[in-house]
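Enquirer: Please read through the structure below; I'll follow up with questions.
Read-outs throughout are calculated quantities, based only on the coordinates presented, and are distinct from any laboratory measurement. All figures in this text were calculated on a predicted structure; none of them were measured in a lab. Backbone-built Cβ (ideal geometry, glycine too); neighbour counts: all protein chains shown.
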Ligand code: AGP
């Protein structure tokens, strides 16, 4: 086991630091001269382009990855994209039609709720696409077509490298589906360039390890943590909070920043730490105003911003700042989750909990 961990103390730590490599593997052979080649989808692209709706279905981190990539799929495909947590779809017996494309996202490919939702979508005649990290898994076998994320074996119960590879695969899927649209060609080319540069930006953001350990030290005894995000980074808020709660066993909530004044604002005081994701994208000025409102209520703010933006997000200098490299807006969630993965990891170690086997959890939830 120690050999497999190499120089790392835990699998989660190793898997976080492996991400420049796992992302490279995910993209290997798939980015071609300003286009994307996804062998597993190529015979089905026409059907997907004619679908009435694309539905993402998954649980936990896999659901969050789909949520992060949803806006770029909507933008490049022009098809409505809806989100379903697998258990909720089954509870409601939500409508699924023959004209739908149902995309199932699962690292293990064996999650019971996701597989039952797959049975349900197959019965209702939808085209079923699987996105998984496990070759030969039930999900890979039972879907009509799919994409392997090729992130390499993930052992830590907390999913880290699979999350970033899932986002990249769905972004590539969006590029492939939208490839016949001339109006978005320049946008697609910029994203493909961004994808090829992504592993080096991820290497850069991993250098925040020490800073995130220091931040963890300042939060070690607290009971709760909020994470606010919106747009591409709503998923970053949900996923960052999920990591903290599942391994560090600290209450943590990811929230849509646009909902702040509809309730969560009441929680703000001088002690509750609030992470605000405010990297540069179309939502930046809205996040600046969220920060001002939290600041006016004396919130204890930790702001994640693009490099060089510390003054713009926190003019008074009273926030703790996490500066990350800026990448294409739709790929920013891949970079932004990494400091939060590191924070969750260090909080867990400092609080003395089991990093790779959090209590009550299993890597793959094969029962309902
Ligand atoms: C992630 O850190 C969690 N352990 C969990 O939410 C997980 O993502 C979920 O159970 C889904 O697993 P899957 O991707 O294997 O389907």
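Enquirer: Taking the Cα atoms only, what angle lies between the long axis of helix 332-351 and the longest principal axis of the chain, rounded to 10 degrees?
Expert: With both axes taken from Cα atoms, the answer is about 60 degrees.
Enquirer: Using every pair of alpha-carbon atoms in the stretch 46-94, split the distances into 10 Å bins beginning at 0 and state the percent of pairs per bin, rounded to integers.
Expert: 26, 49, 25, 0
Enquirer: Tell me, how many Å apart are the Cα centres for the stretch 214-245 and for the stretch 139-187?
Expert: Computed from Cα coordinates, the inter-centre distance equals 25 Å.
Enquirer: Based only on Cα atoms, what mean projected area does the convex hull of the stretch 100-187 have, in nm²?
Expert: Taking the Cα atoms of the stretch 100-187, their convex hull projects to 6.5 nm² on average.
Enquirer: Using only the alpha carbons of the stretch 224-354, what is the convex hull's orientation-averaged projected area in square nanometres?
Expert: 7.2 nm²
Enquirer: Subtracting the Cα-Cα distance from 0.36 nm times the residue separation, let me have the gained length for residue 214 to residue 122 in nm, one decimal.
Expert: 28.2 nm
Enquirer: Next question, about the same structure. Could you give the nm distance between label points at residue 83 and residue 222, where each point is 7 Å from its Cα heading toward the beta carbon?
Expert: Label at residue 83, label at residue 222, 2.3 nm between them.
Enquirer: Which whole-number percentage describes the relative contact order of the stretch 1-110, with Cα contacts under 8 Å and a sequence gap of 6 or more?
Expert: After rounding, I find 28 percent.
Enquirer: I would also like to ask the following. Between residue 363 and residue 269, what is the FRET efficiency for a Förster distance of 30 Å, r being their Cβ-Cβ separation, to the nearest 0.05?
Expert: In this case the efficiency is close to 0.20.
Enquirer: From Cα pairs below 8 angstrom and at least 6 apart in sequence, can you work out the relative contact order of the chain, rounded to a whole percent?
Expert: 20 percent
Enquirer: What FRET efficiency would be calculated for the residue pair residue 32, residue 320, taking the C-beta separation as r and a Förster radius of 56 Å, to the nearest 0.05?
Expert: Given R0 = 56 Å and the Cβ-Cβ separation, E is 0.85.
Enquirer: So if each residue of separation counts as 0.36 nm, and I subtract the Cα-Cα distance between residue 200 and residue 310, what length gain in nm does that give?
Expert: 37.4 nm
Enquirer: Just want the ordering: 183, 312, 318, 159, from fewest to most Cβ atoms lying within 10 Å of their own Cβ.
Expert: Final ranking by Cβ density, sparse to dense: 183, 318, 312, 159.
Enquirer: Could you identify which residue out of 23, 76, 222 has the top mean-square fluctuation in a GNM of the chain using Cα springs shorter than 10 Å?
Expert: Largest GNM mean-square fluctuation: 222.
Enquirer: Something else about it: Sorted from largest to smallest, which semi-axis lengths in Å does the alpha carbon gyration tensor of the chain give for its equivalent ellipsoid, taking the root of 5 times each eigenvalue?
Expert: 32, 23, 21
Enquirer: Right, next: Alpha carbons only, please: Rg and Dmax for the stretch 158-278, in angstrom.
Expert: In Å, with Rg to one decimal and Dmax whole: 17.5, 54.
Enquirer: Counting DSSP beta bridges in the chain, what percent are antiparallel, to the nearest 5?
Expert: Of all bridge pairs located within the chain, approximately 5 percent are antiparallel.
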